[in-house]
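Enquirer: Got a structure for you, written out below as structure tokens; questions coming shortly.
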Amino acid sequence: MKISGGINLEFLLENFDYKKADTASRVAPLTFGEENVNESDKQGFVLEGGSGSAKSYDIIQFILTYCQRNIDKGKDILIFRQTAADCKKTVLKDFIKILRMYDLYDPDKHFMSSPIHFDVFGNIVYFSGLDAVGSHGERHDIIWGNEGMELDFEGFKQLNQRCNEAFFLDYNPYFTEHWIFNSIITRPDTKFFHSTCLQNPFLPSGQRQEILSYETTPENIKNGTADDFMWKVYGLGERGQITGLIFKDVTWIDEMPEGLELHTGMDLGFVNDPTAVTQFGLKGNNLYAKLLLYDPIDNAPTLSDALKNAGLKYNESISSDCADKYNDYEMVKELKNLGWNVHKVSKAKGIVWGIGLLKKHKIHLVRNVNLKREQENYKWREINGISVNEPVHAYCHAFDSIRYAYISAIGQRSLIKW
């Protein structure tokens, strides 16, 4: 099989060390007291770049060459995104397309049982999501986290510690702060590569022209397609911050100041969205907030345990999202039955009013990757490129929980449902 890929594939073929991979996959005697036992043989590869730079296509083609090189060795490869549904809709479709391109697709070697997997040259390639595989489980020789900006760090760490030979991550850098930047690229066993659509000769002209239309040239500005953020992130593949952010100017701190009167808020997420629990306190015109919990939870017993693990006490007042019903299950009522001092906060005055209350203060946030992701993506809605006085309902969960606690704290008793 002769592979024809792009610049990312060239980078991977030049830098992947098969001797290290073979050593890393062997069971070695454990010798206590020696440094770096079995650590230097693990390899990491991070591909950062713009849209259309063929990161995914090139990693898939590398995996095919890896499988061919290890024919009938039973290597175990896991390809994943944050959710299995997204993995099926994107990278799985690309994988099948490339198999067909090289005349390698065999329906008898395509297994639909969960997780979906393929037999490729006598090796198994699995497709799943962090929401489906969990973080504890089977060991793999290679793992690839597609769309790395969306991945949960703890989930990735658990998978990676069960990975023998190499991990791969790829992404468009639409955050300016992320665990990949701080904890992965900095590793001595990890190699980093940057690419853009301008380096991909195989990109269809329609896609290329659409990406190029974001650049802030006089012609694009005249046509109304210029977009600084889109060009920076998806054109140049550089880290960028979204325009129209609701809480643009915040200060990041390591810990909450001592002596604050703390108030707790909760935004319920159930299955698809995270349940966010925060605490905030005021000191003069300064608002300090810390995220305590950020995880989808669909039942009261589990949420009760999570609240306890976050350090909360049953008698502490918790101001909650009033939209607490899920399949006729009333979360606040069930939490009260378990002994929690929780009450609902009405949304009668609207989200914009509540946002306005918070924006009167200088906001300080305790460093947290989930809170950072929300702050960098919570923005005002746009219609035909014009910002309107309505937030986008995404990346809002932590700030909603702060808003509920704030409403209770400032004495808006008419909005509290006991």
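Enquirer: Answer yes or no as to whether Glu147 is of a type in the set (Asp, Glu), farther than 23 Å from Val271 by Cα and in contact (Cβ under 8 Å) with a residue 12 or more places away in the chain. Step through it out loud before you land on a result.
Expert: Details: of a type in the set (Asp, Glu): yes; farther than 23 Å from Val271 by Cα: no; in contact (Cβ under 8 Å) with a residue 12 or more places away in the chain: yes.
Judged against the criteria, Glu147 is not a match.
Enquirer: Would it be correct to say that Gly311 is at positive phi, in the same structural domain as Asn389 (by TED's automatic domain parsing) and touching a strand residue (DSSP E or B) at 6+ places or on another chain (Cβ under 9 Å)? Reasoning before the result, please.
Expert: Numbers: at positive phi: yes; in the same structural domain as Asn389 (by TED's automatic domain parsing): yes; touching a strand residue (DSSP E or B) at 6+ places or on another chain (Cβ under 9 Å): yes.
So Gly311 passes the test.
Enquirer: Please find, within segment 213-250, the residue that is farthest from Glu147 (Cα to Cα) out of those that are polar (S, T, N, Q) and part of a helix (DSSP H, G or I). Steps first, please.
Expert: Here is the first cut: in segment 213-250, the residues polar (S, T, N, Q) are 213, 216-217, 220, 223, 225, 241, 243.
Then drop every residue that is not part of a helix (DSSP H, G or I), which leaves 220, 223.
Details: Asn220: 28, Asn223: 30 Å.
The extreme case among them is Asn223.
Enquirer: Shifting gears a bit: Filter segment 119-150 down to residues that are touching a helix residue (DSSP H, G or I) at 6+ places or on another chain (Cβ under 6 Å) and more than 30 Å from Ile185 (Cβ to Cβ), then give me how many there are.
Expert: Adding up the residues that qualify gives 2.
Enquirer: Given the criteria of a type outside the set (Asp, Glu), outside any strand (DSSP E or B), at pLDDT 90 or above and under 22 Å from Ser319 (Cβ atoms), does Gly259 qualify? Spell out the reasoning first.
Expert: Details: of a type outside the set (Asp, Glu): yes; outside any strand (DSSP E or B): yes; at pLDDT 90 or above: yes; under 22 Å from Ser319 (Cβ atoms): yes.
Spelling it out, Gly259 is indeed of a type outside the set (Asp, Glu), outside any strand (DSSP E or B), at pLDDT 90 or above and under 22 Å from Ser319 (Cβ atoms).
Enquirer: A further question follows. Show the residue pairs meeting these rules: Cβ distance below 6 Å; 6+ apart or different chains; first residue within segment 215-244 and touching a residue at least 24 places away in the same chain (Cβ under 8 Å); second residue part of a loop (DSSP other than H, G, I, E, B) and of a type in the set (Phe, Trp, Tyr).
Expert: If the second residue must be part of a loop (DSSP other than H, G, I, E, B) and of a type in the set (Phe, Trp, Tyr), the pairs left are Val233/Tyr174; Gly235/Tyr214.
Enquirer: Hey, can you tell me all the residues within segment 271-288 that are surrounded by fewer than 21 Cβ atoms within 10 Å (Cβ to Cβ) and of a type in the set (A, V, I, L, M)?
Expert: Val271, Leu282 - these are the residues of segment 271-288 that are surrounded by fewer than 21 Cβ atoms within 10 Å (Cβ to Cβ) and of a type in the set (A, V, I, L, M).
Enquirer: Shifting gears a bit: Scan (1) more than 23 Å from the chain's Cα centre (by Cα); (2) of a type in the set (Phe, Trp, Tyr); (3) outside any strand (DSSP E or B) for the single condition Phe270 breaks and write down its number.
Expert: (1)
Enquirer: Glu316 - would you say it is touching a strand residue (DSSP E or B) at 6+ places or on another chain (Cβ under 8 Å) and either exposed (fewer than 14 other Cβ atoms within 10 Å of the Cβ) or assigned by TED's automatic domain parsing to the domain that holds Glu150 (or both)?
Expert: Numbers: touching a strand residue (DSSP E or B) at 6+ places or on another chain (Cβ under 8 Å): yes; either exposed (fewer than 14 other Cβ atoms within 10 Å of the Cβ) or assigned by TED's automatic domain parsing to the domain that holds Glu150 (or both): no.
Here the answer is no, as Glu316 does not meet what is asked.
Enquirer: Looking only at segment 38-58, filter to residues that are modelled with pLDDT of 90 or more and assigned to a loop (DSSP other than H, G, I, E, B); which one of those is nearest to Phe16 (Cα to Cα)?
Expert: If we filter segment 38-58 for residues that are modelled with pLDDT of 90 or more, which is where we start, we get 42-58.
With assigned to a loop (DSSP other than H, G, I, E, B) added as a condition, the list becomes 42, 50-54.
Working: Lys42: 10, Gly50: 23, Ser51: 24, Gly52: 23, Ser53: 20, Ala54: 18 Å.
By that ranking, first place goes to Lys42.
Enquirer: Are any of the residues in segment 215-234 modelled with pLDDT of 90 or more, in contact with a Gly (Cβ under 7 Å, 6 or more places away or on another chain), more than 18 Å from Leu47 (Cα to Cα) and not assigned by TED's automatic domain parsing to the domain that holds Val46?
Expert: Among the residues of segment 215-234, at least one is modelled with pLDDT of 90 or more, in contact with a Gly (Cβ under 7 Å, 6 or more places away or on another chain), more than 18 Å from Leu47 (Cα to Cα) and not assigned by TED's automatic domain parsing to the domain that holds Val46, which makes the answer yes.
The values are calculated or read from the model by the stated rules, or taken from the named source; none is laboratory data. Computed from a predicted model, the values in this text were never measured in an experiment. We place every Cβ from the backbone using ideal geometry, glycine too, and count neighbours over all the protein chains shown.
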